Amino acid sequence: MTIIVGLTGGIASGKTTIVKLLKKNKLAVQDSDLVVKRIYSKPKTKFITYLKKINLGKSLKRKKIDKKIIREEIFNNSKKRKNLEKYIHKEIKKDRDIFLQKQKQKKTRLVFLDIPLLFENKLEKICDYVILLYAPLKLRKKRAIKRRGMNKEILEKIIKTQLTDKTKRNKSDFVVNTSKNINRSLNNVLNIIDLIKENQ
């Protein structure tokens, strides 16, 4: 049996770093961020057509997508945001289904699904366990604002679309604090893996 572990956390909670380290440790991870990156960096004709259909055509510059324009547009228009999320989530699900099928065929004992909006999209039901990566909101804001194309207004709007840390903590099986040493955070995750395996 393949154990499915959901990995989640709010914006700038350290997910990207932990996912990279888990991959370095030869663990099987379906990386949602990587799927999204591929969608935007090598846009297929159907995605370009869809952006035009949902009135996000002005983000297109010679078959390249300006993510800053998209971010500004969708966080000022909930209809556009929901329409875009619908497409993105469908593509991530396709990738996730292929990933899980392959890992089950290989009889991989434990796999990770990196899902930023796991609880928001009620995807905890497909996981055997959920690990929440947590850092205080003040620190996450400090980390996030350093990102390219980010500003305070957009950051606040992103945070509002996500469940509160308290709600996520109550819904998670394990919580890992990522506010300190990143190696300590990784070790905590690896210890959780051992614990899960022992209980199976």
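The values are calculated or read from the model by the stated rules, or taken from the named source; none is laboratory data. It should be emphasised that the depicted structure is a prediction, and the values quoted were computed from it without experimental measurement. Glycine also receives a Cβ, built like all others from the backbone with ideal geometry; neighbour counts cover every protein chain displayed. The accessibility values were calculated without ligands, DNA or RNA, using every heavy atom of the protein model including side chains. Shrake-Rupley method; radii C 1.70, N 1.55, O 1.52, S 1.80 Å.
Condition check ((1) outside any helix (DSSP H, G or I); (2) open to solvent by less than 80 Å² (accessible area, probe 1.4 Å); (3) not aromatic (Phe, Trp, Tyr)) across all residues:
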{"site": "LEU118", "(1), (2), (3)": "yes, yes, yes"}
{"site": "GLU124", "(1), (2), (3)": "no, yes, yes"}
{"site": "LYS141", "(1), (2), (3)": "no, yes, yes"}
{"site": "ARG148", "(1), (2), (3)": "yes, no, yes"}
{"site": "ILE158", "(1), (2), (3)": "no, yes, yes"}
{"site": "GLN162", "(1), (2), (3)": "yes, yes, yes"}
{"site": "ILE192", "(1), (2), (3)": "no, yes, yes"}
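Considering every residue within segment 145-163, establish whether at least one is touching a residue at least 12 places away in the same chain (Cβ under 8 Å) and at positive phi. Among the residues of segment 145-163, at least one is touching a residue at least 12 places away in the same chain (Cβ under 8 Å) and at positive phi, which makes the answer yes. If you check LYS37 against the conditions, is it in a helix (DSSP H, G or I), more than 19 Å from ARG148 (Cα to Cα) and open to solvent by 30 Å² or more (accessible area, probe 1.4 Å)? No, not satisfied. Out of contact with any Cys (no Cβ under 7 Å at 6 or more places or on another chain) and closer than 21 Å to LYS171 by Cα - does that describe any residue in segment 56-63? Looking for residues that are out of contact with any Cys (no Cβ under 7 Å at 6 or more places or on another chain) and closer than 21 Å to LYS171 by Cα, one finds none in segment 56-63, hence no. Taking ILE131, is it open to solvent by less than 70 Å² (accessible area, probe 1.4 Å), touching a residue at least 24 places away in the same chain (Cβ under 8 Å) and part of a helix (DSSP H, G or I)? In short, no.
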